[in-house]
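Structure first, then comments.
The values are calculated or read from the model by the stated rules, or taken from the named source; none is laboratory data. All of these numbers come straight from a predicted model, not from anything done at the bench. Every residue, glycine among them, receives a Cβ derived from its backbone with ideal geometry; neighbour counts consider all protein chains shown. Each accessible area value is taken on the protein alone, full model and side chains, heavy atoms only, with ligands, DNA and RNA left out. Shrake-Rupley method; radii C 1.70, N 1.55, O 1.52, S 1.80 Å.
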Amino acid sequence: MSFPKNFLWGGATAANQVEGGYDEGGKGLSIADVLSNGTHSSPRTISKETEEGLYYPNRIASDFYHHYKEDIELMAEMGFKAYRMSIAWTRIYPTGEEEEPNEEGLKFYQNVFAQLHKYHIEPIVTLSHYEMPLNLTNRYNGWASRKVIDLFVKYAKTVFEYYRDDVKYWLTFNEINCGCLPLGNYMSLGIRNEGTRNFLDQVDDINLRYQGLHHQFVASALAVIEGHKISKDFRIGNMIAMMPVYPLTPNPEDMLLYQKNWRELQYYCADVQVRGAYPYFAKKFWKDNGITLKIEKGDLEILKEGTVDFFSLSYYQTNCVTTDKSVAMSSGNLLGGAKNPYLKSSEWGWQIDPDGLRFTLNELYSRYQIPMLVVENGLGAFDKLEEGNEVHDPYRIDYLKQHIIAMEQTIEDGVDLFGYTWWGWIDLTSASTGEMGKRYGFVYVDSDDYGNGTFNRYKKDSFYWYKKVIASNGKNLE
Ligand code: BGP
């Protein structure tokens, strides 16, 4: 078996999906705090402010805010080497516009990091994970405004300086390429155009969306530049949602579609962040889509200078593409596609494809040649809490096992992969549906979709299984 000695085994979460405590410790409202609950078949509602009669699941989430000590003890019991988490911008700058940071918010994460270090768990910290001050959306339409760049950089510098000795690995924007999709308007860019209400059917202005993305690229590059000035030890990465596709048939038209999809959805953002420049195909893409970007003087130099140190990604499933409109379709993380007849799906219709992880990592590594980190991979499922507070989740163990085998093969292929953090190591609020019932964790949280429950934590079978894997550095997969 070939996992390197210091491989970062661990788990991942995001502040808005796990913390709760939405109005405690001086925290301001974030865009996630006004997203109502939904299900697989009924979409979440986007509000401008708190509305009577709507339930907002991220406000309570898994209540990590009050349970972080015991939660980190559970991570330690599993033998975690790393915890990928995010800082809520709204705990540090509640509206994004304060001159001084909120001391209580800074202290909260300092306590979290102290608890992690007590157990030698390395924090990997995302600066912005589907969460920004609601005030910035209401006042400026989020990242559509260039003004947000400076506010973000102020926030990034604050946390870089404050946690200089606590954190080494940073990620700038979670799944930044979510902004390439209309779905990314609100969640990823904080853009809420007039008339937007339905999370899955947002009013889209493609020009504004790609302008917002440009602002995020500049902000990400500035964060990298500032971070490197603050500490030479910092390793700062990007984070790309991998939505890999295969051509459904060998029809050359399907091949071209496949190539176009990889360029526009996977490489457009990654090229900017890793290579420091917009890719060659961007001009034609902008022209075909009527996009005219305002790129200010100095922006391109900033992009060139602020390239990332490593590449991080989320990977859940794959889909197919074809010009044939009559084929069966399948859903997926952020985006669906044509159904692959060789794959089985999760209960939410995401096609399970461990080989696709190997394929994806090899594709990315051959293009970018920088260290790779898988910071999200997981299976959402309905779990059942049984007698004796046991949860038997063989489906999760099987998914995890197949993906670990795929990573081992990837490392043997020669890819420099240095860690893996399972998404939702503990049950948390789903980003797409707001459900708690779409469970990802090795740890069961006793709460339903409406925050009813004791919030007690129970270890699932997968908890013990992953513990053995980590203890054996990936050797024991029995
Ligand atoms: C990714 C997000 C996460 C997470 C995950 C699972 O796109 O970065 O925040 O939620 O997908 O998706 P979901 O929660 O919709 O099942």
The long-range amide H neighbours of G434, using H built 1.01 Å from N in the peptide plane and a cut-off of under 5 Å, are G38
Residue-ordered couplings for the range 79-96, obtained by feeding phi - 60° into the Karplus form 6.51 cos²θ - 1.76 cosθ + 1.60 and rounding to whole Hz (Gly and Pro as x), are x, 3, 9, 8, 10, 8, 9, 10, 9, 7, 3, 6, 7, 9, 10, x, 10, x
Taking every other residue with Cβ under 13 Å from the Cβ of Y119 and scoring Lys and Arg +1, Asp and Glu -1, one gets -2
Expected vector for the range 329-341, Karplus 3J(HN,Hα) from phi with 6.51, -1.76, 1.60 and θ = phi - 60°, integer Hz, x for Gly and Pro, equals 10, 9, 9, x, 5, 6, 8, x, x, 6, 5, 9, x
Of the candidates I230, Y267, S331, the farthest towards the positive dipole end of the range 8-471 (Lys/Arg Cβ +1, Asp/Glu Cβ -1, centred on the Cα centre) is Y267
Residue by residue through the range 5-14, the couplings from Karplus 6.51 cos²θ - 1.76 cosθ + 1.60 with θ = phi - 60°, in Hz, x for Gly and Pro, are 4, 9, 4, 8, 7, x, x, 10, 8, 10
For the chain, the percent of accessible surface on carbon and sulfur atoms (probe 1.4 angstrom, ligands and nucleic acids excluded) is 50 percent
Sorting T454, H403, Q17 by the position of each Cα along the dipole of the chain (Lys, Arg +1; Asp, Glu -1; all at Cβ), the one nearest the positive end of that ordering is H403
Of E24, E131, ordered by accessible area with the largest first and a 1.4 Å probe, the sequence is E24, E131
Given unit charges at Cβ for Lys, Arg (+) and Asp, Glu (-), the dipole magnitude of the range 378-447 about its Cα centre in debye, nearest 20, is 200 debye
Rounded to a whole number, the Stokes-Einstein D of the chain in µm²/s (Kirkwood radius over Cα pairs; 4 °C; 1.567 mPa s) is 58 µm²/s
About its Cα centre, the chain carries a charge dipole, from +1 on Lys and Arg Cβ atoms and -1 on Asp and Glu Cβ atoms, whose size in debye to the nearest 20 is 1160 debye
Among beta bridges assigned by DSSP with both residues in the chain, the antiparallel ones amount in percent, to the nearest 5, to 25 percent
If unit charges are put on Cβ atoms (+1 for Lys and Arg, -1 for Asp and Glu) and the dipole of the range 8-471 is taken about its Cα centre, the option from G306, T90, F442 lying farthest towards the positive end turns out to be G306
Counting only residues 5 or more apart in sequence or on a different chain, those whose built amide H sits under 5 Å from that of G28 are R91
